[in-house]
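Worksheet: one structure, shown below.
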Amino acid sequence: YKQPLVIGAGVSYKFSQRLRLISDLCYYNWSDYKVTYFEEVKERNFKDVVKMSVGAEYTSLIRIFHREFYCPFRVGISKDPQPMKEPNSSYLYFSLGIGLHWNKFLFDAGTLIGKEKGSGNSLSAQRIAFSLSYRL
């Protein structure tokens, strides 16, 4: 396998102590992707794509059992063009997330819902993720 070159860049802007905006672009050089299977080169008719994402996070301070917790609320949108040349297809994703952070313990949950356009198959994508972390 010859993997595609992937280059990305992101920007984060803090409007206030509680509100920030995040954005990134990621370039995938799919046109150079190659697969050799038992010394036979499998042709891939892929194009290069740029994935774009933007999101926002608002952090609130809440009290539970007389303890203060930071509670980040997150929302995002992403456009993910697919690499095949025909049909011209892309996914549009919406994401939501929430967290509960106390001292060095962090719990985060998020969901993503996506819909594909262009192939005529009306494909969809869903994802739910949970993260429990301890910050050193």
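The values are calculated or read from the model by the stated rules, or taken from the named source; none is laboratory data. Since we're looking at a predicted model, the values are computed, not measured. Virtual Cβ from ideal backbone geometry, glycine too; neighbours counted across all protein chains shown. In case anyone asks, the SASA skips ligands and DNA or RNA and just uses the protein heavy atoms, side chains included. Shrake-Rupley method; radii C 1.70, N 1.55, O 1.52, S 1.80 Å.
Laid out as a table, the results:
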{"item": "Among the candidates VAL49, VAL54, VAL75, residue that is in contact with a helix residue (DSSP H, G or I) (Cβ under 7 Å, 6 or more places away or on another chain) and without any contact (Cβ under 8 Å) to a residue 40 or more places away in the chain", "result": "VAL49"}
{"item": "Any hit, region 62-75, residues being in contact with a Phe, Trp or Tyr (Cβ under 7 Å, 6 or more places away or on another chain) and acidic (Asp, Glu)", "result": "no"}
{"item": "Count of region 94-136 residues which are closer than 26 Å to PRO83 by Cα, open to solvent by 100 Å² or more (accessible area, probe 1.4 Å) and among the hydroxyl-bearing types (Ser, Thr, Tyr)", "result": "0"}
{"item": "Residue within region 92-110 that is aromatic (Phe, Trp, Tyr) and closer than 30 Å to ARG44 by Cα present", "result": "yes"}
{"item": "PHE38 being surrounded by 15 or more Cβ atoms within 10 Å (Cβ to Cβ) and either over 18 Å from the mean Cα position of the chain (by Cα) or farther than 30 Å from ILE98 by Cβ (or both)", "result": "no"}
{"item": "Residue count, region 93-124 (criterion: of a type in the set (Asp, Glu) and within 14 Å of GLY76 (Cβ to Cβ))", "result": "1"}
{"item": "Number of the exception - ASP24 against (1) under 15 Å from the mean Cα position of the chain (by Cα); (2) open to solvent by 100 Å² or more (accessible area, probe 1.4 Å); (3) of a type outside the set (A, V, I, L, M)", "result": "(2)"}
